[in-house]
Amino acid sequence: MQKKLIALAVASLASGAAFAQTNVTMYGVADVGYVYSSGDAYRGPNGNLRTGSNEFSGLVNGILSGSRLGFRGEEALGNGLKAVFTLVYSLQLDNNTGVGSSGSATGLNARQQFVGLSSATLGTVALGRQYAPGYQATANNDPMAGALVESQSYLSNQARMTITPNSAARWNNAITYTSPNWSGFSAKGIYSFGETAATNGTYNDKLTDITANQAWGLGFNYANGPLNIDLVYQSRMNVVNADKSLVTGNYPAGTDNDINEGYIGASYDFKVVKIMGSYQQQNDKNWTNLDSNLWSLGAVIPVLSASNIHLGYAQLNMDQNNCPILGTGNGNLCGLTGTTNSATLAWTTALSKRTTLYAGYVWNDNDKRTITPTTGTVLGSSAGPVGGIGALGQTNNTVLAGIRHTF
């Protein structure tokens, strides 16, 4: 009996020692605030003014940073090699939905979930749902680090770009390689499998190709002292789910093409003010032809001991000028452009290392020209920081205030 007890004690100590080698951290963000947004209901270029206005008043989750609950860990495998994992799930603080819910049945659940191997000298390889390079790049060069209501953030989301600090920059079925830091230089590559089954299409259409819906991206970062520079290229290949609702009639073979994006951004911290800017383009070769470009400028000004003023300005230009020849009856889809301008002013105050109060104002001005005159089909920008408020030919205004706590 005594030998059995000793054996059990030794086994318990051994398992405890093995468990101690795995470092697991739980962390998260709790962020919620009040938002009021309004704009008139103008919808068209020919004086088609709807009476009343579009308005929203209520609590919004994750304004400054997306609320989340995360777990990350690593285990030393020897010779400088580690096994690593990350599991991060969205939280909704403003309603009766829990971990992993975005408030809708089809919304974002996991922000990230991956496992991989990491070496300080060789870099990290990981598999799962992960950030594409554009996610961190846009946050690096944004005055509010990619906040939900910041100009570059919601305009890039409006334009359906994947180089954005929003959910479109989180890719499923992905393999990534992240390099070590070489004197300020680092790089990241990503490849996402479309996982589309191949079938024999009537016209040998790309819809049946196993390469459909795959994506890849490369990002390069230089961060040294006050200077930060980011370069990103991302491509969605053979996009099966391109929105063809703007086109009537039959679709010829090979309409599911690539959507390519490029981005350059930089920031410099002068201590008394941090300035930043970015420029990006999207080239959509599908029927939707959502070609667009977006530029932004920003500044962060430290005030008092723990407060900052955040200033941002961005312009989104939607362009259907280079749309493909669609055949009889579809020519009215070509040659249409539109612009949205946005400005953000915000204040943040750190009450502690983990708790921040914030308030802000967002101005958004939409062009009225981006609409098909004969059919009324909206093709361009009707943006706004709050869903359902933006409309063509409309200026909308948003005020907000909230609290963020990290743990």
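For the pair Ile403 and Leu81 in one chain, pulling the backbone fully straight at 0.36 nm per residue adds 112.0 nm over the alpha carbon distance. Each of Val272, Val115 has some number of other Cβ atoms within 10 Å of its Cβ, and from fewest to most they run Val272, Val115. Quick one: of Lys271/Lys368; Lys188/Lys285; Lys274/Lys368, which pairs are farther than 30 Å apart, Cα to Cα? With Cα atoms farther than 30 Å apart: Lys271/Lys368; Lys274/Lys368.
Using a simple spin-label model with pseudo-atoms 7 Å out from Cα toward Cβ, Ile210 and Asn293 lie 4.0 nm apart.
In summary, the aspartates and glutamates within cross-link reach of Lys82, defined as a Cα separation below 14 angstrom excluding same-chain residues under 8 places away, comprise Glu74. Net charge in the neighbourhood of Arg111 (other residues with Cβ under 14 Å of its Cβ; Lys, Arg +1, Asp, Glu -1) is +3. With a cut-off of 18 Å on the backbone N, the residues of region 213-241 near the modelled label site 7 Å out from Phe185 along Cα-Cβ are 218-225, 227-233. Cβ-to-Cβ counts within 10 Å put Leu227, Leu311 in ascending order as Leu227, Leu311, the fewest first.
Other residues with beta-carbon under 12 Å from the beta-carbon of Asn397 carry, at +1 per Lys or Arg and -1 per Asp or Glu, a net charge of -3.
Shown is the FRET efficiency for Asp269 and Phe193, computed with R0 = 51 Å from the Cβ-Cβ distance and rounded to the nearest 0.05: 0.85. 3J(HN,Hα) along region 87-93, derived from phi through the Karplus expression 6.51 cos²θ - 1.76 cosθ + 1.60 where θ = phi - 60°, amounts to 10, 10, 10, 6, 10, 10, 7 Hz, with x in place of Gly and Pro. Per-residue Karplus couplings for region 278-285, computed as 6.51 cos²θ - 1.76 cosθ + 1.60 with θ equal to phi - 60°, are listed in order as 7, 9, 8, 10, 10, 10, 9, 8 Hz, Gly and Pro entered as x. Measuring r between the beta carbons of Ser305 and Ala343 and using R0 = 30 Å, the FRET efficiency lands at 0.65.
Placing pseudo-labels 7 Å out from each Cα toward the beta carbon at Tyr27 and Arg354 gives an inter-label distance of 1.3 nm.
By the count of other C-beta atoms within 10 Å, a proxy for reagent exposure, His405, His310 are ordered fewest to most as His405, His310.
Since every read-out is calculated from the coordinates, none of them should be taken as a lab result. In this text the structure is predicted, and so the values were computed from the model without any measurement. Every residue, glycine as well, gets a Cβ built from its backbone with ideal geometry; the counts of neighbours run over all protein chains shown.
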